[in-house]
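Asks: Dropping a structure here in structure tokens format, bear with me for questions.
The values are calculated or read from the model by the stated rules, or taken from the named source; none is laboratory data. Since the structure is predicted, the reported quantities are computational estimates derived from the model, not experimental observations. Every residue, glycine as well, gets a Cβ built from its backbone with ideal geometry; the counts of neighbours run over all protein chains shown.
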Amino acid sequence: MDHDDPRSTSAPGTGPFWNRAIWNKTWGDQRVLLLSLAALWAAFPWLYILLSAQIEMPAFQNVLLKVIPDDWQKLSGVPFSEVATYAGRVALAFVDPVVVLAATVWGITRGSDAVSGPLERGTMEMLLAAPVRRSAIFLTQALATTAAAALLCGVLLASVWTVVALGPWAGKVAPERFLPAVANVFGLMVCMAGISACVSAADSHRWRTIGIMCGLYVTAILTKLVGRLSGVLGWVGYLSVLNAYEPQRLVGGGPEAWRMLAWYDGILLGIGIVAYLIGAVIFSRRDLPAPL
């Protein structure tokens, strides 16, 4: 029988392409991390902007435009003159490690649990006992991970929106200018989750999947830095998937911000979706190790 064929037994509410129990289990598995990151992202923008507001704008502009060398603008991705504005200062929150690492942790943690996680825990046999295709199990996990990523980004947007509208810089900048930046965070989460799930689909140990993804992430950071700091090797930056994560460039407002977002998220979401599809094919066709 083909690896992707559904089991011959059936049960109410199940079918070859859907199983509610697997959907509920997947949400249960990610609930703790989801709630933890939701709490973190709900609080972080308020803490970040309240603390940033302690430095008055003239003092911030003086340090950024006069003290820091101009060559450092290569690292920021945007001119310091754009960073030294209220919108630019809020945008720095999206490249803070609290946001970037949390988005990456979500993608790697949930993506690595697609196949190699259950195999390592010995629970894959229980999942495969349901009358549902292997690819459906894989894509159910992908849909749950993506839906939860959207929820997390909704929490982040709500927190940024409220602190910008009601916080110390109320009236200084329009909250809707940060919609593209939040959408870019979502693109990063889907991309990292898709790549992680693809690696997980070919592996049998979650710790190894996470190790591979950490290596890929560090490599992506280094290639992006090399691309920005080296004139001769500038082309190397285009090899990094993180080159499409530029939320600080998306807060200018207007059609230009949305055009840039379409390009950036087109890359991130495209890589994530293709990786998920490849992972589904790998998982559907591979031989699984016998449970220990």
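Here's the yes/no breakdown for (1) under 30 Å from residue 287 (Cβ atoms); (2) of a type outside the set (Ser, Thr, Tyr); (3) under 16 Å from the mean Cα position of the chain (by Cα):
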{"residue": "133", "(1), (2), (3)": "yes, yes, no"}
{"residue": "142", "(1), (2), (3)": "yes, yes, yes"}
{"residue": "148", "(1), (2), (3)": "no, yes, yes"}
{"residue": "160", "(1), (2), (3)": "no, yes, no"}
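Asks: Let me ask something else. Restricting attention to helices (runs of 4 or more DSSP H) lying wholly within segment 85-148, give those where 1 or more residues are out of contact with any Phe, Trp or Tyr (no Cβ under 6 Å at 6 or more places or on another chain) and crowded, with 22+ Cβ neighbours inside 10 Å.
Replies: Helices (runs of 4 or more DSSP H) meeting the threshold: 86-91, 97-112, 116-121.
Asks: Taking the options 266, 237, name whichever one is small (Gly, Ala, Ser) and at pLDDT 95 or above.
Replies: Just one listed residue meets the conditions, 266.
Asks: Also, I was wondering about something else. Can you tell me how many residues in segment 87-125 are closer than 18 Å to residue 181 by Cα and touching a helix residue (DSSP H, G or I) at 6+ places or on another chain (Cβ under 9 Å)?
Replies: Residues that pass the stated criteria total 18.
Asks: Kindly evaluate residue 35 against the criterion of being part of a helix (DSSP H, G or I), surrounded by fewer than 15 Cβ atoms within 10 Å (Cβ to Cβ) and either of a type in the set (Gly, Ala, Ser) or at pLDDT 95 or above (or both).
Replies: Judged against the criteria, residue 35 is a match.
Asks: Residues in segment 251-266 that are within 15 Å of residue 188 (Cβ to Cβ) and either of a type in the set (Ser, Thr, Tyr) or touching a residue at least 40 places away in the same chain (Cβ under 8 Å) (or both): how many?
Replies: Counting residues in segment 251-266 that are within 15 Å of residue 188 (Cβ to Cβ) and either of a type in the set (Ser, Thr, Tyr) or touching a residue at least 40 places away in the same chain (Cβ under 8 Å) (or both) gives 4.
Asks: Could you check segment 67-77 and list, in sequence order, the residues that are surrounded by fewer than 17 Cβ atoms within 10 Å (Cβ to Cβ) and either modelled with pLDDT of 90 or more or in a loop (DSSP other than H, G, I, E, B) (or both)?
Replies: 68, 69
Asks: A further question follows. Give the number of residues within segment 1-20 that are more than 21 Å from residue 201 (Cβ to Cβ) and modelled with pLDDT of 60 or more.
Replies: Result for segment 1-20: 1.
Asks: Would you check if residue 129 is touching a helix residue (DSSP H, G or I) at 6+ places or on another chain (Cβ under 8 Å) and small (Gly, Ala, Ser)?
Replies: In short, no.
Asks: Tally up the residues in segment 228-250 that are touching a residue at least 24 places away in the same chain (Cβ under 8 Å) and either in contact with an Asp or Glu (Cβ under 7 Å, 6 or more places away or on another chain) or surrounded by fewer than 13 Cβ atoms within 10 Å (Cβ to Cβ) (or both), please.
Replies: Number satisfying all stated conditions: 0.
Asks: Within the group 173, 163, which residue is in contact with a helix residue (DSSP H, G or I) (Cβ under 7 Å, 6 or more places away or on another chain), buried (at least 19 other Cβ atoms within 10 Å of the Cβ) and not in a helix (DSSP H, G or I)?
Replies: Of the residues listed, the single one that is in contact with a helix residue (DSSP H, G or I) (Cβ under 7 Å, 6 or more places away or on another chain), buried (at least 19 other Cβ atoms within 10 Å of the Cβ) and not in a helix (DSSP H, G or I) is 173.
Asks: List, please: which pairs have Cβ atoms under 8 Å, are six or more places apart or on different chains, and start with a residue in segment 112-133 that is closer than 16 Å to residue 28 by Cα and end with one that is part of a helix (DSSP H, G or I) and at pLDDT below 85?
Replies: 118/127
Asks: Then there is this: Just to be sure I understand the filter: pairs with C-beta atoms under 7 Å, separated by 6 or more residues or on different chains, first member in segment 26-39 and more than 25 Å from residue 126 (Cβ to Cβ), second member at pLDDT 95 or above. Which pairs pass?
Replies: Partner pairs satisfying both residue conditions: 37/102; 37/106; 37/152; 38/152; 38/155.
Asks: Could I ask something else about it? Can you pull out the residues in segment 211-227 that are surrounded by 17 or more Cβ atoms within 10 Å (Cβ to Cβ), hydroxyl-bearing (Ser, Thr, Tyr) and without any contact (Cβ under 8 Å) to a residue 24 or more places away in the chain?
Replies: Correct list: 223 only.
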